[in-house]
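The values are calculated or read from the model by the stated rules, or taken from the named source; none is laboratory data. A quick note: this is a predicted structure, and the numbers were derived from the prediction, not measured. Note that each Cβ is placed from the backbone with ideal geometry, even for glycine, and that neighbours are counted across all protein chains shown.
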């Protein structure tokens, strides 16, 4: 079991380090915690022009970086904490990684749950999204934890179709998501990071 915490806020650097971890994870279960300062991260197979408002991205000098996992485009700023579980394929257990997230959030008196395949939510509002990558050796599950993200900036940068909004019965992206800090003002990046690392070691030791 290993914990890595990035002290850099550059999306290219952080995602490159994550790729490196997938190369050394054959004998370790790894939790990697990281933040990007101002970036839109797009899925492996997405067309960037369909997902990102490039005019706004240029205005805010926002990095646009492609990741190795699938899923949709996400906005990262320093109000967001990213986590990556990287481990040998035969050790990966989605129930355990979900427990780590849900029980971490429970420590702050909030009841989180898995919402569909790729999201975590509280009272119907998403605070975390997941994406995955695997090969015959390793499994990578990574995601976001929205703690104090600039929702208006996120909405201006991401291009979301009206059809997708209608499927969720909402008019805008901020209606669908929620910052954890807005639900419990005591929550911070540091408090979640510490709790998440502790819960990772606790649950993995109990079950491995």
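If you go through the stretch 94-118 and keep only what is modelled with pLDDT under 95, within 22 Å of residue 179 (Cβ to Cβ) and surrounded by fewer than 16 Cβ atoms within 10 Å (Cβ to Cβ), you end up with just 116.
Residue-level check: of (1) touching a residue at least 24 places away in the same chain (Cβ under 8 Å); (2) surrounded by fewer than 18 Cβ atoms within 10 Å (Cβ to Cβ); (3) within 19 Å of residue 203 (Cβ to Cβ), residue 31 misses just (2).
If you go through the stretch 38-50 and keep only what is touching a residue at least 40 places away in the same chain (Cβ under 8 Å) and over 18 Å from the mean Cα position of the chain (by Cα), you end up with just 50.
Once the stretch 51-93 is narrowed to residues that are in contact (Cβ under 8 Å) with a residue 12 or more places away in the chain and in a helix (DSSP H, G or I), the residue that is surrounded by the most Cβ atoms within 10 Å (Cβ to Cβ) is 57.
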